[in-house]
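Before we start, here is the structure in question, set down as structure tokens.
The values are calculated or read from the model by the stated rules, or taken from the named source; none is laboratory data. On a predicted model such as this, the values are computed, not experimentally measured, just so you know. Cβ: placed from backbone, ideal geometry, glycine included. Neighbour counts: every protein chain shown.
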Amino acid sequence: MSVILETTYVQIDCPTCGFVFAVPESLINRRRKDGKSAWCPAGGHAMNWGETEADGLRKQIEAKDRRIASVEGSLTHTRDQLDATERQLRAQRGANTRLRRRVANGVCPCCRRTFADLARHMAGQHPDFATTEAAGE
């Protein structure tokens, strides 16, 4: 009984000493996947073929995880700002409502005195109030 084995060999030049030799292609493929080194038969110099595919994928995943964390942090910050703005808006609406009610009851917003004819009082005593209020809005 005879067995025929076919193996493809790849020529390698040692990057350190320049020695030329052949190794099975399957060995190079394994070393690319596992990231381990192969050795020069002449001088024992280590040779490797860069990072493994798994290492490259791991780095890509880590980079994407960092980007996701950054976006999530930015989103949280934006939500916090929105919440703060909404709280300020509610507070301002409450202040405006209180002021409207006081004025409707005849209380002067400037001197806080009560008048039966508040419009005449405002025109006579605080003529610039309406123009400064409109400019402040």
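Within the bounds of the stretch 41-53, is there any residue that is of a type in the set (A, V, I, L, M, F, W, C), touching a residue at least 24 places away in the same chain (Cβ under 8 Å), surrounded by 10 or more Cβ atoms within 10 Å (Cβ to Cβ) and outside any helix (DSSP H, G or I)? Talk me through it step by step, then tell me what you get.
Start the filter on the stretch 41-53 by keeping residues that are of a type in the set (A, V, I, L, M, F, W, C), which leaves 42, 46-47, 49.
Retained after the next criterion (residues that are touching a residue at least 24 places away in the same chain (Cβ under 8 Å)): 42, 47.
Right, trim to surrounded by 10 or more Cβ atoms within 10 Å (Cβ to Cβ) and you get 42, 47.
With the extra rule that they be outside any helix (DSSP H, G or I), the set shrinks to 42, 47.
Yes - at least one qualifying residue is present in the stretch 41-53.
Residue by residue, here is whether (1) outside the structural domain of Gly18 (by TED's automatic domain parsing); (2) assigned to a helix (DSSP H, G or I) holds:
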{"position": "Arg31", "(1), (2)": "no, yes"}
{"position": "Gln60", "(1), (2)": "yes, yes"}
{"position": "Ile68", "(1), (2)": "yes, yes"}
{"position": "Gly73", "(1), (2)": "yes, yes"}
{"position": "Gln88", "(1), (2)": "yes, yes"}
{"position": "Cys110", "(1), (2)": "yes, no"}
{"position": "His121", "(1), (2)": "yes, yes"}
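Take Arg93 and decide whether it is farther than 30 Å from Thr114 by Cβ and modelled with pLDDT of 90 or more. Explain how you work it out, then say what you get.
On the way: farther than 30 Å from Thr114 by Cβ: no; modelled with pLDDT of 90 or more: yes.
In short, no.
Could you tell me whether the stretch 59-77 includes any residue that is more than 43 Å from the chain's Cα centre (by Cα) and over 30 Å from Phe129 (Cα atoms)?
So in the stretch 59-77, the residues more than 43 Å from the chain's Cα centre (by Cα) come out as none.
No; the residues of the stretch 59-77 include none that is more than 43 Å from the chain's Cα centre (by Cα) and over 30 Å from Phe129 (Cα atoms).
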